[in-house]
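One structure is given below, encoded as structure tokens.
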Amino acid sequence: MAPSPEQRQIRVLVFAGSLRRGSLNERLADLAASVVEEKGGTVDRAHMADFDCPSYDADVERGDGVPAEAQRLRDRLVAADAFIIASPEYNASIPGCLKNAIDWASRIRPQPFNGRQGMLLSASPSMAGGNRGLWSLRVPLEHLGARVYPDMFSLAQAHEAFDDAGRIAAPVLQERFDRTIGCFLELVEAAKHYRPLKKLWVEYLGEHPDAAIDRVEHTDVEAE
Ligand SMILES: Cc1cc2nc3c(=O)[nH]c(=O)nc-3n(C[C@H](O)[C@H](O)[C@H](O)COP(=O)(O)O)c2cc1C
């Protein structure tokens with residue numbers, strides 16, 4: 001349904017970094033999607049399986065190009081104003097399937113993460129809620145020029161944190177979750193209307209120019 005005039009004119013890609021059925025991060029992504037809609041945004045709800053690629057291989061890239069799953073991630077990123085990823089923590093870091101999809105999508109030009117607003121969530125049975133994994137996930141996303149929101153929500157003891165309606169059972173945590181997503185949406189909306197925000201992506205800003213190895217892009221992130 002098209003947003004009414006009083007709704008925000010922003011579209012958010014939401015997905016979890018887990019492939020398994022019954023994923024806690026899928027549940028957190030569902031909840032994030034419902035909060036975005038409650039606050040007037042439009043959601044594109046995707047799943048890790050949509051973007052799950054064979055392991056990155058430069059020979060495959062040279063021969064066959066970027067796989068359809070990475071192209072799909074690119075298409076859905078550029079169709080959105082922002083993305084929210086709910087990611088598991090594996091061994092204090094990023095799940096391989098998610099990193100692999102980011103790596104493949106980063107090979108596409110214009111590079112689709114540049115200038116996009118992103119927010120990171122995690123859910124884990126642990127006491128830290130998978131928060132360490134999000135610090136690892138920030139690294140490739142920020143390296144690629146995404147504007148990753150400083151506040152990250154990590155749901156601790158997530159296996160027993162949801163109520164039957166799929167909300168966070170502890171009211172104070174649900175309220176923090178709502179408020180954090182609300183603040184993120186305000187920033188996304190502001191960034192969308194401040195068009196000259198970011199045009200240039202330079203992999204290493206202080207590197208002396210060398211056409212053979214430069215990774216520099218002049219991109220209007222609003223232009224797609
Ligand atoms: C290979 C592997 C490594 C894991 N490492 C961590 C970890 O470092 N920290 C943590 O909190 N949980 C860890 N876990 C447990 C996951 O948080 C738990 O399986 C969680 O439910 C995965 O997310 P999902 O439910 O969205 O699939 C690990 C699980 C696997 C399979």
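Data for the structure
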{"quantity": "Residue in the range 141-150 that is hydroxyl-bearing (S, T, Y) and over 19 Å from K192 (Cβ atoms) present", "calculated": "no"}
{"quantity": "For Q7: the one exception among (1) at pLDDT 95 or above; (2) over 27 Å from N131 (Cα atoms); (3) assigned to a loop (DSSP other than H, G, I, E, B)", "calculated": "(1)"}
{"quantity": "Answer residue from the range 110-120, given it is open to solvent by less than 10 Å² (accessible area, probe 1.4 Å) and outside any loop (DSSP other than H, G, I, E, B) and is nearest to the ligand (Cβ to nearest atom) among those", "calculated": "L120"}
{"quantity": "Where V14 falls short, out of the listed (1) closer than 25 Å to H159 by Cβ; (2) in a helix (DSSP H, G or I); (3) away from the ligand (no atom under 13 Å from the Cβ)", "calculated": "(2)"}
{"quantity": "Among (1) within 16 Å of the ligand (Cβ to nearest atom); (2) surrounded by 15 or more Cβ atoms within 10 Å (Cβ to Cβ) - the single one D50 does not satisfy", "calculated": "(2)"}
{"quantity": "Close pairs from the range 90-101: first over 10 Å from C53 (Cα atoms) and within 11 Å of the ligand (Cβ to nearest atom), partner open to solvent by less than 30 Å² (accessible area, probe 1.4 Å) and of a type in the set (A, V, I, L, M, F, W, C), Cβ under 8 Å, at least 6 apart", "calculated": "I94/L137"}
{"quantity": "Some residue of the range 176-199 being under 18 Å from A86 (Cβ atoms), in contact with a strand residue (DSSP E or B) (Cβ under 9 Å, 6 or more places away or on another chain) and open to solvent by 50 Å² or more (accessible area, probe 1.4 Å)", "calculated": "yes"}
{"quantity": "In the range 154-175, the residues that are under 21 Å from T42 (Cα atoms), open to solvent by less than 30 Å² (accessible area, probe 1.4 Å) and part of a loop (DSSP other than H, G, I, E, B)", "calculated": "G166"}
{"quantity": "Residue satisfying condition, being among the small types (G, A, S) and either surrounded by fewer than 15 Cβ atoms within 10 Å (Cβ to Cβ) or modelled with pLDDT under 95 (or both), within set A86, A146, A123, A79", "calculated": "A79"}
{"quantity": "Pair list, Cβ under 9 Å, 6 or more apart: the range 178-192 residue over 15 Å from L155 (Cβ atoms), other residue open to solvent by 30 Å² or more (accessible area, probe 1.4 Å) and part of a helix (DSSP H, G or I)", "calculated": "A191/L197"}
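The values are calculated or read from the model by the stated rules, or taken from the named source; none is laboratory data. Since we're looking at a predicted model, the values are computed, not measured. Please note: Cβ atoms are built from the backbone with ideal geometry, for glycine as well, and neighbour counts cover all protein chains shown. Areas reflect the complete protein model, heavy atoms only, side chains present, ligands, DNA and RNA absent. Shrake-Rupley method; radii C 1.70, N 1.55, O 1.52, S 1.80 Å.
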